[in-house]
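Heads up: the structure comes next, in structure tokens.
The values are calculated or read from the model by the stated rules, or taken from the named source; none is laboratory data. Treat the numbers as computed from the prediction; the structure is a model and nothing was measured. In this analysis, Cβ positions are derived from the backbone assuming ideal geometry, glycine residues included, and neighbour counts consider all displayed protein chains. Side chains included, ligands, DNA and RNA excluded: accessible areas come from the protein's heavy atoms. Shrake-Rupley method; radii C 1.70, N 1.55, O 1.52, S 1.80 Å.
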Amino acid sequence: MEKKNIDWANLGFGYMQCDQRYVAEYKDGKWSEGQLTEEASITMNECAGVLQYAQTCFEGLKAYTTEEGHIVTFRPDLNAARMKDSCLRLEMPVFDEQRFVDAVCETVLANEAYVPPYGSGATLYIRPYMFGINPVIGVKPADEYQFRIFTTPVGPYFKGGAKPLTLCVSDFDRAAPHGTGHVKSGLNYAMSLHAIVSAHKNGYDENMYLDPATRTKVEETGGANFIFITKDQKVVTPKSDSILPSITRRSLIYVAEHYLGLKVEEREVLLEEVKDFAECGLCGTAAVISPVGKIVDHGTEICMPSGMNEMGPVTKKLYDTLTGIQMGRVEAPEGWIQIIK
Ligand SMILES: *Cc1c(COP(=O)(O)O)cnc(C)c1O
């Protein structure tokens with residue numbers, strides 16, 4: 001397979017149209033066979049459910065080339081299960097979980113020329129998504145849907161090392177109690193845009209959202225979960241029903257316990273206690289872990305002891321072990337690596 005002539009190391013995180021994408025259609029109560037297509041554009045009615053009432057959800061995962069030369073993806077079964085949960089919450093039809101995994105593999109294989117080589121730092125980002133497509137004007141779920149998957153090569157997240165981020169405690173809320181914070185839906189992102197644009201204008205990289213009911217507990221950022229490391233090397237991660245259950249965070253917790261022998265606590269984390277932690281990181285598929293150096297709570301600066309130059313030592317160990325598992329350098333727990341080719 002001849003790879004595309006792409007400058008892998010200098011790719012950013014943007015959309016590059018690949019050759020093939022997957023599409024299945026839901027109509028009359030059932031999903032069509034599903035197929036690959038070269039057509040990247042979607043034609044829909046002006047009154048499509050997704051355009052009027054935002055009935056859509058998505059997933060995000062990556063394919064990459066391992067040290068041995070396999071093309072693999074990481075725990076796609078968990079993306080399938082999470083998309084099922086999103087669909088149920090948004091009154092959308094579930095796409096069978098095994099079919100989801102098969103369709104991911106089929107789409108990656110069809111775009112093999114875009115899967116970055118081992119060692120380039122780049123990956124093939126995979127975006128499964130679903131939306132209501134028939135006209136809906138009275139507020140109700142659509143009757144017809146499309147499930148699609150496209151891919152796009154993305155560059156190394158940390159060019160020239162992982163620089164710790166500066167966050168601000170947001171005055172906006174990300175998710176209400178009993179709302180949709182735990183599902184991966186476009187609506188959670190639409191309403192976060194104003195908050196992130198404001199944060200950037202003020203010189204911050206990301207927002208730290210608090211629980212909206214009491215504004216005393218740490219939830220997450222717009223698109224990544226928190227992990228904290230205590231001064232005695234325990235891993236602490238916030239527990240809340242309105243946090244999106246990050247697959248990266250769940251994997252890191254397993255790695256902490258089973259590979260690194262660290263104690264893990266999943267519990268409510270008060271903003272009040274953040275100043276006592278030794279390290280802080282943001283976890284998600286895009287970066288695996290981004291270190292946090294500073295959190296600004298209005299007038300007060302919380303500076304992590306790990307500083308503004310590099311990842312903290314425990315965060316680094318977690319990062320190296322999980323990326324080692326993903327790239328085939330460290331033995332993976334059973335079922336974590338889906339070999340595509
Ligand atoms: C996708 C997402 C994450 C990260 O989840 P991963 O499965 O680790 O990629 C975290 N928070 C939000 C709000 C998300 O949408």
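Applying the selection to segment 206-219, what residues are β-branched (Val, Ile, Thr) and either part of a helix (DSSP H, G or I) or open to solvent by 20 Å² or more (accessible area, probe 1.4 Å) (or both)?
Those that are β-branched (Val, Ile, Thr) and either part of a helix (DSSP H, G or I) or open to solvent by 20 Å² or more (accessible area, probe 1.4 Å) (or both): 214, 216.
Could you please let me know if residue 256 is over 30 Å from residue 330 (Cα atoms), touching a strand residue (DSSP E or B) at 6+ places or on another chain (Cβ under 7 Å) and either open to solvent by less than 50 Å² (accessible area, probe 1.4 Å) or assigned to a helix (DSSP H, G or I) (or both)?
Judged against the criteria, residue 256 is not a match.
Please go through (1) touching a residue at least 24 places away in the same chain (Cβ under 8 Å); (2) away from the ligand (no atom under 12 Å from the Cβ); (3) among the hydroxyl-bearing types (Ser, Thr, Tyr); (4) out of contact with any strand residue (DSSP E or B) (no Cβ under 7 Å at 6 or more places or on another chain) for residue 242 and return the number of the only condition it doesn't satisfy.
Condition (2) is where residue 242 drops out.
Kindly provide the set of residues from segment 96-155 that are in contact with a helix residue (DSSP H, G or I) (Cβ under 8 Å, 6 or more places away or on another chain) and small (Gly, Ala, Ser), ordered by number.
Once the filter is applied, which keeps residues that are in contact with a helix residue (DSSP H, G or I) (Cβ under 8 Å, 6 or more places away or on another chain) and small (Gly, Ala, Ser), segment 96-155 yields 120, 121, 122, 132, 142, 155.
Are there any helices (runs of 4 or more DSSP H) wholly within segment 45-125 with 2 or more residues that are more than 16 Å from the ligand (Cβ to nearest atom) and either among the polar types (S, T, N, Q) or open to solvent by 10 Å² or more (accessible area, probe 1.4 Å) (or both), and if so which?
Working: elements: 49-53, 76-89, 97-110.
Correct list: 49-53, 97-110.
Filter segment 126-155 down to the residues that are part of a strand (DSSP E or B) and among the basic types (Lys, Arg), then identify the one that is farthest from the chain's Cα centre (by Cα). I'd like the intermediate steps shown before the answer.
First, pick out the residues of segment 126-155 that are part of a strand (DSSP E or B): 126-132, 135, 145-154.
Filter once more, keeping what is among the basic types (Lys, Arg): 127, 148.
Working: 127: 10, 148: 17 Å.
The residue in question is 148.
Tell me the residue from 236, 197, 274 that is assigned to a strand (DSSP E or B), more than 13 Å from the chain's Cα centre (by Cα), β-branched (Val, Ile, Thr) and away from the ligand (no atom under 16 Å from the Cβ), please. Explain how you work it out, then say what you get.
Details: 197 fails: assigned to a strand (DSSP E or B); 274 fails: assigned to a strand (DSSP E or B).
The conditions single out 236.
When you scan segment 183-200, how many residues do you find that are open to solvent by less than 70 Å² (accessible area, probe 1.4 Å) and closer than 30 Å to residue 103 by Cβ?
Number satisfying all stated conditions: 8.
So if I check each of 203, 222, 261, which one is assigned to a loop (DSSP other than H, G, I, E, B) and more than 25 Å from residue 303 (Cβ to Cβ)?
After ruling out the rest, the residue left standing is 261.
What pairs come out if I take residues in segment 51-66 that are among the small types (Gly, Ala, Ser) and pair them with residues that are more than 14 Å from the ligand (Cβ to nearest atom) whose C-beta lies under 7 Å away, six or more apart or interchain?
63/71; 63/72; 63/108; 63/115; 63/124; 63/340
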